[in-house]
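Take a look at the structure set out below.
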Amino acid sequence: MKQSVALIVVIPVGPKCQPEFILDTLASVEHYIHSSHQIILSDDSQNPTICEAVTAQRPDVVVLTTSENHGKWLGLYVSLCNAYRYALDNYDFEALLRLDTDALIIGHDPELPALELFRRDPTIGLAGRFIRGISSPDDLGNVWDNKVVREMFTSIGKVFTRHFLRQPMIHWRIRPVMFQAIYKGYEFGDFVFGGTYVFSRTGLEALRDQGFLPLAGVQKAQLEEDYFFSMLVKAAGLELGDLAIGDQPFGVAWIGLPASPETLALANKKIIHSTRSWKDMKEADIRQYFKDRRTQDDYAPQLLPMEV
């Protein structure tokens, strides 16, 4: 019998990850997420000591170890697909939150807006910081330049471009799926940022049913996995959703934080990325700031009506 939880939390672990930072991210999950949940580490580090150090303190965490190093790009897509299939096979859940090891939960009940979004609009399969068009502003004063992503997909579509000819067999495998996505409303380069995002169970089931979990033969493609997952969601006939603008919980950027720790807290952001830096602050300093906030927090969680 499958275990029933509201939320699955998947954290990919690579060879450079530090156990103390992973444990800090796990502590933030436990402090702020009050819906029932299960944490899964997708361990692609090929270094068992990293996750062993984590599970020594957190034996409740499930570790899925890859048989070989998949690496970044669509290798990460493949290793995450394995974790997502494991979640579908072993748990009944409403949503799956992916967190990088440099993501952090900083506010209570960050999962509830995602659960409500998926219940309100079952056509949304993947949500988070939704980046659209050539330049995509957030509400923290940042603008995401998306030209490179659009050019990559355009090159795959045109054939005989320099980018296409670098990996022609792989790109031939991607092309029909890309055109399927375009037919269903996909625009080149639109994607949900991968440092942290939320899949609905419906979204993951649709990817599995379409043979996209994973799509065979694309592991070596030099595409970021979040670009690819977003395209696949559209190809499967579902939509991408926003959980970052306005009072939504995501406050994220690619390199470093999108605003100061104080600003993110005052803006009521609840899921942040990346803790690696903010101006002169290093990751240890940023994590200590938010750890101090957790220590001072006297929030008493109530029984949630959305609990599974």
Please go through segment 64-90 and give me each residue that is open to solvent by less than 50 Å² (accessible area, probe 1.4 Å) and of a type in the set (Val, Ile, Thr), ordered by number. Thr66, Val78
Report whether or not Gln219 is modelled with pLDDT under 95 and polar (S, T, N, Q). yes
Does Ala235 satisfy being more than 19 Å from the chain's Cα centre (by Cα) and either within 26 Å of Asp121 (Cβ to Cβ) or of a type outside the set (Lys, Arg) (or both)? no
Subset of segment 240-274, residues in a strand (DSSP E or B) and either over 14 Å from Tyr197 (Cα atoms) or of a type in the set (Gly, Ala, Ser) (or both), comes to Gly241, Gly251
Answer yes if at least one residue in segment 92-101 is open to solvent by less than 30 Å² (accessible area, probe 1.4 Å) and more than 27 Å from Pro249 (Cβ to Cβ), and no otherwise. no
Pairs returned, first residue in segment 130-148 that is without any contact (Cβ under 8 Å) to a residue 60 or more places away in the chain and open to solvent by less than 20 Å² (accessible area, probe 1.4 Å), second residue that is of a type in the set (Gly, Ala, Ser) and assigned to a loop (DSSP other than H, G, I, E, B), beta-carbon separation under 7 angstrom, 6 or more apart or interchain, are Asn146/Gly133; Asn146/Gly189
For segment 29-52, which positions are in a helix (DSSP H, G or I), more than 16 Å from the chain's Cα centre (by Cα) and closer than 27 Å to Gln296 by Cβ? Glu30, His31, Tyr32
Taking segment 128-144 on its own, how many of its residues are of a type in the set (Asp, Glu) and either in a helix (DSSP H, G or I) or under 29 Å from Gly14 (Cβ atoms) (or both)? 1
Unique match (being in a loop (DSSP other than H, G, I, E, B), closer than 26 Å to Val9 by Cα and either open to solvent by less than 10 Å² (accessible area, probe 1.4 Å) or not aliphatic (A, V, I, L, M) (or both)) among Gly107, Gly125: Gly107
Does any residue of segment 44-55 turn out to be open to solvent by 40 Å² or more (accessible area, probe 1.4 Å), within 30 Å of Val218 (Cβ to Cβ) and aliphatic (A, V, I, L, M)? no
List every residue pair whose Cβ atoms sit under 6 Å apart, with the two residues 6 or more apart in sequence or on different chains, where the first one lies in segment 231-255 and is within 21 Å of Ile106 (Cα to Cα) and the second, anywhere, is open to solvent by 20 Å² or more (accessible area, probe 1.4 Å) and part of a strand (DSSP E or B). Asp242/Phe130
State which residue is modelled with the lowest pLDDT when the search covers only segment 162-176 and only residues that are open to solvent by 30 Å² or more (accessible area, probe 1.4 Å) and not basic (Lys, Arg). Leu165
Report, by residue number, each residue of segment 187-205 that is among the β-branched types (Val, Ile, Thr) and over 10 Å from Ile124 (Cα atoms). Val192, Thr196, Val198
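The values are calculated or read from the model by the stated rules, or taken from the named source; none is laboratory data. Model, not experiment: these values are computed from the prediction. Virtual Cβ from ideal backbone geometry, glycine too; neighbours counted across all protein chains shown. Calculation scope for accessible area: heavy atoms of the full protein, side chains included, ligands and nucleic acids excluded. Shrake-Rupley method; radii C 1.70, N 1.55, O 1.52, S 1.80 Å.
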